[in-house]
Structures are given as C-alpha cells and as structure tokens.
1. For the subset of the range 106-129 comprising residues that are touching a Phe, Trp or Tyr at 6+ places or on another chain (Cβ under 7 Å) and not basic (Lys, Arg), which member is surrounded by the fewest Cβ atoms within 10 Å (Cβ to Cβ)?
2. Looking at residue 132 and the list (1) in a loop (DSSP other than H, G, I, E, B); (2) surrounded by 17 or more Cβ atoms within 10 Å (Cβ to Cβ), which single condition is not satisfied?
3. If you go through the range 102-116 one residue at a time, do you hit one that is under 30 Å from residue 31 (Cα atoms), part of a strand (DSSP E or B) and hydroxyl-bearing (Ser, Thr, Tyr)?
4. Somewhere in the range 12-24, is a residue modelled with pLDDT of 90 or more and either exposed (fewer than 13 other Cβ atoms within 10 Å of the Cβ) or touching a helix residue (DSSP H, G or I) at 6+ places or on another chain (Cβ under 7 Å) (or both)?
5. State the number of residues belonging to the range 150-182 that are under 20 Å from residue 114 (Cβ atoms) and not charged (D, E, K, R).
6. Would you please name the residue that is surrounded by the fewest Cβ atoms within 10 Å (Cβ to Cβ), looking only at residues in the range 195-214 that are among the aliphatic types (A, V, I, L, M) and touching a strand residue (DSSP E or B) at 6+ places or on another chain (Cβ under 7 Å)?
7. Out of everything in the range 168-186 that is out of contact with any strand residue (DSSP E or B) (no Cβ under 8 Å at 6 or more places or on another chain), not in a helix (DSSP H, G or I) and not charged (D, E, K, R), what residue ends up being surrounded by the most Cβ atoms within 10 Å (Cβ to Cβ)?
Amino acid sequence: MKKFLFIILFFFSLNNFAQSIDLPKYYQFPENYLKGKYHETTKNFFIVATEKLKDKRFKKTVIIMLDHDEQGALGIVINKPLGEVTIGSLIKGFDKQTLKKDLLNYKVPIYWGGPLDNNKILIVHSNDYQNKKTKNYDKISISNNYKTLIDIAKKKGPSKSLVIIGISAWTEGQLEGEIDKGHWNLSEITQDILFQEKNEKKHIMATESSFMRL
C-alpha cells in the first residue's frame, strides 16, 4: 500500500452538492467524447466499471454517485486505497495545542476519490453520525469538517467511514456516452460494499449485483 509521509488537505464545500450541478470552470474534461443523451439520474447508485472501460485510472472501480443531471455528474471512487495518514497531518489552520497527542497521531486510511480536486477531501460515512457540516443522502452521509475527523479519533464519530481525497466528475452528456458504450453498470448502494474491509472485494461484490438501466 502506498504510504503518504505527509499530506495537508483542504476541505471541499458541500454547498457544491446542494442544488443542480454546477461543475467548477477549472475542471478539465476531454475535448472529444461520445456525448450521450440524458435520460435518468444515477444519483444514489454505484456505477461499476466494466472490462470495456480502458482508462487505467478507473480499472475495476466502484463509484458512489452524489449527483447527476443534464449538466453533468459527480461521484467518488470508494475502492482505491492510498495509504494511512495521521489526523494531525490533515488539519491546517487549527489550534492543535488543544488536542491531545494521541488524537493527532491517530491514523486513518485515505482513499483516492478521483482525478479532480486532489487537494480536497470528503468523509463518507454511515447515517448514525451528524454535525453542522453533514449532508445526508439516501443511504449514506458526507461530512467535511475537522470535527468529524477528531470525533473519529475519539471513537465518537460514525460507526463506519471513508476519508477520501479528490472527486470524479463528468461534463454534460459524458457519463451517458460512457454508459451507452458499456463502460459502466449500475449497482444498488449497500453498506456491505461501501465499507467492505477488503477493498479488492468491493468491485467483485458490486459487479455481482450490477445491472444495466433500460
């Protein structure tokens, strides 16, 4: 597993998820892609990479879809571990002197969420935890503040969580085109898949339960 010696990350504002998709202008998308026609959202589903998807970055990838409409799509890869880092290395602009050393040294696994915004993180977690920076989805929740990380270190956070760097996004019609080409199937979001300890099993499990939307 790849080790990160030191990582300082800034948090991604969940306001970007609150309304219809408005992807940041600095996101770079392929100039030439087979544009598909929007039919129905993939939000609140997994999309599961098939063997037809040739992009090595997304080989055997499972992505939890946070939003999808006519303007584009937004999701997070949930089965690509990067290594472990300490809570202290994730905190910037915070008075660390108020925290005990054992909390700062508490290690959490870090996951690669996608090729965009790799200086930002999200914490995907079970619905049994919430604070002022938590957004609830259908079957999961997402938080984006230091309190969540500290609560995890204190064993007062969510019962299950993933700390994820970066996101995945598609511009208008891009995901539809990829789905039309058979690059992705859909799968129901389950806690068993999302928080499976053996990350290599996530793609197997999601593939076994996947389907193509007609």
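The values are calculated or read from the model by the stated rules, or taken from the named source; none is laboratory data. Given the structure is predicted, the values throughout are model-derived calculations rather than measurements. Heads up, the Cβs are rebuilt from the backbone with ideal geometry, glycines too, and the neighbour counts pull from every protein chain shown.
1. Start the filter on the range 106-129 by keeping residues that are touching a Phe, Trp or Tyr at 6+ places or on another chain (Cβ under 7 Å), which leaves 110, 116-117, 119-122.
From what is left, the residues that are not basic (Lys, Arg) are 110, 116-117, 119, 121-122.
Values: 110: 23, 116: 17, 117: 20, 119: 12, 121: 22, 122: 25.
In this case the residue turns out to be 119.
2. That leaves (2) as the condition not met.
3. Residues of the range 102-116 under 30 Å from residue 31 (Cα atoms): 111-116.
Applying the additional criterion that residues be part of a strand (DSSP E or B) yields 111-112, 116.
Still in the list and also hydroxyl-bearing (Ser, Thr, Tyr): 111.
Checking the range 102-116: at least one residue is under 30 Å from residue 31 (Cα atoms), part of a strand (DSSP E or B) and hydroxyl-bearing (Ser, Thr, Tyr).
4. yes
5. Step one: of the range 150-182, the residues under 20 Å from residue 114 (Cβ atoms) are 161-179, 181.
Going one step further and asking which of them are not charged (D, E, K, R), we end up with 161-171, 173-175, 177, 179.
Summing the residues that are under 20 Å from residue 114 (Cβ atoms) and not charged (D, E, K, R) in the range 150-182 gives 16.
6. 212
7. So, considering only residues that are out of contact with any strand residue (DSSP E or B) (no Cβ under 8 Å at 6 or more places or on another chain), not in a helix (DSSP H, G or I) and not charged (D, E, K, R), the one surrounded by the most Cβ atoms within 10 Å (Cβ to Cβ) is 173.
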